[in-house]
Amino acid sequence: MTYPRLVLVPIVVGCAVVLAACGSDEMSTITFSKYDGTTGNIYAMNPDGTNERQVTSDSGVQAHSTLSPDGKTVVYSQVSQDDSSIMSVPIEGGEPTLLNQGTKWSLVPHVSPDGTRIAFTSDADGNYEIYTMAIDGSDVRQLTFTDPPIQHVGPKYSPDGSLLLYATDADEVDRNNQQDIWTMPSDGGPGTRLTSTINDRESRGWSPDGKRIVTQTVKDGVGQLMVLNADGSGLTQITDFPADTPV
């Protein structure tokens, strides 16, 4: 399965609800995607599920929504069968703004806690790597540099903005195609591997205090939730879904 296909898996789009909720300091709005099998658009609602409203109304799939810290802007991936771009739109709706378009795929954005930068995945250099850019799409910086089959994907800023949490789908030594969790300085630098025993499924996030990490993994063909400390210790499975649960 190639990386872009992951964004079309319903569980990944669904997990954007949880991760986007962490994007607002006020925790007053949750953004999420509704996918009907053909198109998917961004919606917003209050944390208690009230006041649901549609934010985007475009073709293709709008996914991976993340809120600016002031809660006024939604940044998201606009995905088609052939490519994906990073877009922004006011939380009240309106005309979307194109922020970044890779060679084919730029996706899974996350806004920094201070609202000044966006971290995302792009294949701009021909391989999936971690990038950041200014909130208006300028000043694009590539932070990881590797060769296929290694891919670095899905960055998430820590609550204090100092680190990026991401996944890589091959070990840089044995290239065993095991997708695990890493962190790196948010302005670039050597990565630190946190796990070596899980198959992270592109759904991960930080606790509000930055001390814990939650991820979705696949064990025996079933999606489960795991938590671990920010230094990689204390990996614990917290769900026990039955074998017939969809991944």
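Brief remarks follow.
- Under the condition of being surrounded by 15 or more Cβ atoms within 10 Å (Cβ to Cβ) and either modelled with pLDDT of 95 or more or part of a loop (DSSP other than H, G, I, E, B) (or both), the residues counted in region 172-187 number 5.
- Looking across region 129-159, the residues that are of a type outside the set (Val, Ile, Thr) and not in a strand (DSSP E or B) come down to ASP136, GLY137, SER138, ASP139, LEU143, PHE145, ASP147, PRO148, PRO149, GLN151, SER158, PRO159.
- For region 115-128, the criterion of being aromatic (Phe, Trp, Tyr) and either assigned to a loop (DSSP other than H, G, I, E, B) or surrounded by fewer than 20 Cβ atoms within 10 Å (Cβ to Cβ) (or both) is satisfied by at least one residue.
- Tabulated pairs, region 18-38, first of a type outside the set (A, V, I, L, M, F, W, C) and modelled with pLDDT under 50, second crowded, with 23+ Cβ neighbours inside 10 Å and in a strand (DSSP E or B), C-beta under 7 angstrom, 6+ apart or interchain: GLY23/THR66; GLY23/LEU67; GLY23/VAL111; SER24/LEU67
- The number of residues in region 101-114 being of a type outside the set (Phe, Trp, Tyr) and part of a strand (DSSP E or B) comes to 7.
The values are calculated or read from the model by the stated rules, or taken from the named source; none is laboratory data. None of these values were measured; they are calculated from a predicted model. Note that we place each Cβ from the backbone using ideal geometry, even for glycine, and neighbour counts take in every protein chain shown.
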